[in-house]
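First up is the structure itself, then whatever we jot down about it.
None of the figures in this text is laboratory data; all of them are computed from the coordinates on show. These numbers come from a predicted model, not from an experiment. Note that each Cβ is placed from the backbone with ideal geometry, even for glycine, and that neighbours are counted across all protein chains shown.
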Amino acid sequence: TLQQLVQNDQHGFSNASIFNSIEQFVRSVSEMEDTILIPRRLLDSTIGDSEDKFNLEGKRGSIIKATLANTDLYRLYNIISQLKVELLWSREHMTNCQELQESPLPFDRFRYTRCSSTTSIYSVQSICTSDSESDIVVENDFRLENEDAAVAAARTFKRHLHGLHRDIQKMTLAAEYLTLRYQKDINDRV
């Protein structure tokens, strides 16, 4: 588990790591769920509506305004709670999530692509009688294709990791906003 990794690692994780973001997200969502005892009170409320007296200034507020303006609070609460469950328990445990059922992953995008092997390159070379540079280039191209695939995979991984990190931070801010907004709305009614 993540906790065991931290205990075995002498240095722990950076505050900027994806693990730290996940931990903050889970903590914020747990606090949101503990605070919002009656989620139905969020019905008919949106971010930035006339009842929203919560100050959305600064960087955090501008992120919420830019990404979640006019978002239904009850729906946002459910989305964030489902994301926490999915993050902790995986997609298989999400039985009620209609969005996942309606839009399955397009596995047809992942198609098998045949690459030349060094054996077939040697076969081609044996047919040719010349020892030209083009024969050597063909073999080197195969190695570069494999290296390019590794570099491309690493680049894609980094891009997705960066996007995941950014989206987890947005959802953490949304959970914190819901918690504070709910508390403020309840205090204003008392």
Need one number: nm distance between label points at residue 190 and residue 158, each 7 Å from Cα along Cα→Cβ, rounded to one decimal.
5.0 nm
Taking r as the C-beta separation of residue 52 and residue 31 and R0 as 22 Å, the FRET efficiency to the nearest 0.05 is 0.65
What pairs in 53/84; 59/184; 59/84; 65/158 have C-alpha atoms more than 22 Å from each other?
53/84; 59/84; 65/158
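Give, in nm to one decimal, the length gained when the segment between residue 59 and residue 38 is fully stretched (0.36 nm per residue of separation minus the Cα-Cα distance).
Roughly 4.6 nm would be gained on extension.
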In nm, the gap between the two label points placed 7 Å beyond Cα toward Cβ at residue 169 and residue 13 is 1.5 nm
